[in-house]
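Below is one structure, written out as structure tokens; comments come after it.
The values are calculated or read from the model by the stated rules, or taken from the named source; none is laboratory data. In this text the structure is predicted, and so the values were computed from the model without any measurement. A quick note on method: Cβ atoms are made from the backbone with ideal geometry, for glycine too, and the neighbour counts reach across all protein chains shown.
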Ligand SMILES: C[S@@+](CC[C@H](N)C(=O)[O-])C[C@H]1O[C@@H](n2cnc3c(N)ncnc32)[C@H](O)[C@@H]1O
């Protein structure tokens with residue numbers, strides 16, 4: 001296991017967050033260190049290059065990375081031979097156990113009820129002491145912007161059943177699924193991160 005000295009920094013968990021941190025819009029308090037050996041990346045775009053998984057693997061070669069997506073995506077993904085690919089429906093099929101689950105631009109597709117349903121399934125599959133990392137564009141708490149995120153939200157309303165949310169709204173969803181010690185980071189870039197933990201004892 002990775003210890004704090006050589007551990008995976010929580011905000012490194014998505015490879016691009018390294019640059020996000022340095023461009024952060026706000027000061028943040030103490031960081032946490034995650035002990036991560038197994039990672040599940042929940043869903044990638046059909047036909048995409050698997051860039052998140054590739055970056056993660058090159059930054060943390062000790063980690064086992066598994067991509068989980070619908071069977072039709074497994075057939076089209078260019079990276080199928082590079083990573084373990086588990087196909088299934090994340091609302092129905094068993095999710096593999098892991099230390100960290102990364103969901104980039106997934107929850108914004110769904111209603112609050114569906115988000116809690118998915119997060120609850122992840123919470124159950126997550127190893128004790130594990131975490132979930134959301135990569136989403138966060139709205140200001142008063143909904144006043146950023147303009148790009150407001151426009152994304154409109155787009156999600158038209159194209160899917162979801163919307164963009166504030167950090168507090170994601171915190172409510174994560175807490176509703178059982179996650180604790182929820183923290184978020186604004187990056188100063190388009191995508192921000194929200195991290196939730198599952199207690200060691202659970
Ligand atoms: C908006 S894309 C986000 C993809 C990627 N994480 C990104 O940031 O580009 C949503 C992804 O969710 C997957 N997806 C949708 N419904 C799913 C389900 N029920 N089970 C598993 N994956 C699903 C889609 O196949 C797609 O890859």
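Tabulated values for the structure
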quantity	calculated
Helices (runs of 4 or more DSSP H) contained entirely in segment 69-173, each with at least 3 residues that are more than 11 Å from the ligand (Cβ to nearest atom) and modelled with pLDDT of 90 or more	112-125, 147-159
Within segment 172-185, tally of residues that are in contact with a strand residue (DSSP E or B) (Cβ under 7 Å, 6 or more places away or on another chain) and surrounded by fewer than 18 Cβ atoms within 10 Å (Cβ to Cβ)	3
